[in-house]
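A.B. asks: Below is one structure. I have some questions about it.
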Amino acid sequence: MEPVKDNQTVTPEGESVKPRIDGLVSHPLRPIEDARGEVIEVFRPSWGLSPDPLVFINQVSIRPGKVKGWNLHRKQEDRIYVCRGTMQWAFYDHRPDSPTFELLNVFIISERNRALLIIPRGVFHAAKNVGQNEAIFINMPTRAYDHADPDVRRLPIPNDLIPFTFDQTQDW
C-alpha cells in the first residue's frame, strides 16, 4: 500500500482553503494578557461584521459529549462567542437562493482558538462539546427572544437533510 499525500487544508496565514457558507463569519479573537489575567473584546460594532445593534444576550452550556442543535432562525442572526471549553460547530446552508446552498462547514472553536461566529438567517447550526469539561458560549442574537413566538426551527441531530454526524472524525 502506498502512503497518501496530504492535500492543502490552510493558507500560510492559517485560513481554511475550504469554501465558506455565504455570510458565515468566524472572526478570530485574541486575548490581551498580563500578569493579572486577560481581557477579550468579544464584539465591537466598529468591526463592521454585523450592522445590527446588541439587543439580547444569553449564555448556554453544553455538558461533555452532548450536542445542541440543529436549529435555524428566519428573523435573526446569531452572534456566538465560546467562553469556555472545546466545541465542534457544524453549519448547513439551507437557503435555496444562497450561492452556497447545501454547503456544510465544520469548525473547532475553543479557548485556544477563539472566534466570534456570526450565523446568517436560514443556516442550520449545531454544536458538540468535544472537551472534558462543561463548555459555555454566549449568544448575542440580532433579535430578542420572543417567548410567545420563538424564531427557532429544529431538526433532530441525526436527520435525512444534513449530511453530517458528530461521530465523524476529521481527516488530516
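What follows draws every value from the coordinates through simple rules; no lab data is involved. These numbers were taken from a predicted model, which means no experiment stands behind them. A quick note on method: Cβ atoms are made from the backbone with ideal geometry, for glycine too, and the neighbour counts reach across all protein chains shown.
A.B. asks: I want to check the label-to-label distance for I138 and N71. Put each point 7 Å from Cα in the C-beta direction and report it in nm to one decimal.
C.D. replies: Modelled inter-label distance: 1.9 nm.
A.B. asks: Search the structure for amide H atoms under 5 Å from the amide H of L103, placed 1.01 Å from N in the peptide plane, and list their residues when 5 or more places away or on another chain.
C.D. replies: D93
A.B. asks: Another one. For N159 and R121, calculate 0.36 nm times their separation in residues minus their Cα-Cα distance, and state this gained length in nm to one decimal.
C.D. replies: Gain on stretching N159 to R121: 11.7 nm.
A.B. asks: Okay, next question. Report the FRET efficiency, 1/(1 + (r/R0)^6), for D22 and A148, where r is their Cβ-Cβ distance and R0 is 35 Å, rounded to 0.05.
C.D. replies: Working from the Cβ atoms, E equals 0.65.
A.B. asks: Another question, then. Across the stretch 129-138, in residue order, what do the Karplus-derived ³J(HN,Hα) couplings come to in whole Hz, using 6.51 cos²θ - 1.76 cosθ + 1.60 with θ = phi - 60° and x for Gly and Pro?
C.D. replies: 7, 9, x, 8, 10, 4, 9, 10, 10, 10
A.B. asks: Report ³J(HN,Hα) in whole Hz for each residue of the stretch 117-125, in order, from the Karplus equation J = 6.51 cos²θ - 1.76 cosθ + 1.60 where θ = phi - 60°; Gly and Pro get x.
C.D. replies: 9, 10, 10, x, 4, x, 9, 5, 8
A.B. asks: Run the dipole for the stretch 92-161 about the Cα centre, Lys and Arg Cβ at +1, Asp and Glu Cβ at -1, nothing else charged, and hand back the magnitude in debye, nearest 20.
C.D. replies: Here the size comes out at about 200 debye.
A.B. asks: Here's something else I'd like to know. PRE reach from N113 (point 7 Å along Cα→Cβ): which of the stretch 82-101 fall under 12 Å by backbone N?
C.D. replies: Under cut-off, by backbone N: 86-90.
A.B. asks: Within the chain, how many Lys pairs sit with Cα atoms under 27 Å apart, leaving out pairs fewer than 8 places apart on the same chain?
C.D. replies: Going through the chain pair by pair, I get 8.
A.B. asks: Where in the stretch 119-139 does the amide nitrogen come within less than 17 Å of the point 7 Å from the Cα of F101, taken along Cα to Cβ?
C.D. replies: Backbone N within reach: 121-124.
A.B. asks: Can you give me the long-range amide H partners of R143? Hydrogens built in the peptide plane at 1.01 Å from N, cutoff under 5 Å, separation of 5 or more residues or another chain.
C.D. replies: Counting only residues 5 or more places away or on other chains, the set is E77.
A.B. asks: Additional query: Rounded to two decimal places and with Rh computed the Kirkwood way over Cα pairs, what is Rg over Rh for the chain?
C.D. replies: Dividing the radius of gyration by the Kirkwood radius yields 0.97.
A.B. asks: Given Cα pairs under 8 Å that are at least 6 residues apart, what percent is the relative contact order of the chain?
C.D. replies: 31 percent
A.B. asks: Short version: ³J(HN,Hα) in whole Hz for each residue of the stretch 104-109, in order, from phi by Karplus 6.51 cos²θ - 1.76 cosθ + 1.60 (θ = phi - 60°), x for Gly and Pro, what are they?
C.D. replies: 10, 10, 9, 10, 9, 10
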